[in-house]
Amino acid sequence: MADSDAKKLDRKIELFADQLPKWAGGFLRWLRAPGGRWVRIPVAVVLILAGFVGFLPILGFWMVPLGLLLIAQDVPFLQRPILRLIEWGERKWKELKRWWKS
């Protein structure tokens, strides 16, 4: 089951990377590469910690989910909750778009 969660999470992140500007999507793919683990984990931890001071300029609360997304690739017990959070966010986004159009 954890393997299928990992695959679903990988697909979601790939779709997300496709929607980013080319340079950002490329950087995300580079971070997620198997050899990028030694860079990915520290970057994820820095993003999560910096996100907690989100009231400061430039730093923001947006950094926490991005850090969790990166670290979930290496911490299997986080994969399912992060995947469910992404799916919940997608549902809410679709509902908001439907509401906005009506």
Residues of region 42-57 being more than 17 Å from residue 16 (Cβ to Cβ) and assigned to a helix (DSSP H, G or I), in sequence order, are 42, 45, 46, 48, 49, 50, 51
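Okay, residues lined up against (1) of a type in the set (A, V, I, L, M); (2) at positive phi; (3) more than 12 Å from the chain's Cα centre (by Cα):
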position	(1), (2), (3)
34	no, no, yes
71	yes, no, no
77	no, no, yes
83	yes, no, no
87	no, no, no
90	no, no, yes
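Within region 58-76, which residues are in a helix (DSSP H, G or I) and either loosely packed, with under 10 Cβ neighbours inside 10 Å or of a type in the set (A, V, I, L, M) (or both)?
Once the filter is applied, which keeps residues that are in a helix (DSSP H, G or I) and either loosely packed, with under 10 Cβ neighbours inside 10 Å or of a type in the set (A, V, I, L, M) (or both), region 58-76 yields 63, 64, 66, 68, 69, 70, 71, 72.
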Counting only residues that are in contact (Cβ under 8 Å) with a residue 24 or more places away in the chain and over 20 Å from residue 93 (Cβ atoms), which one in region 11-55 is surrounded by the most Cβ atoms within 10 Å (Cβ to Cβ)? 44
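Each reported figure results from applying straightforward, stated rules to the coordinates on display, with no laboratory input. These figures come from a predicted structure and were not determined experimentally. Cβ: placed from backbone, ideal geometry, glycine included. Neighbour counts: every protein chain shown.
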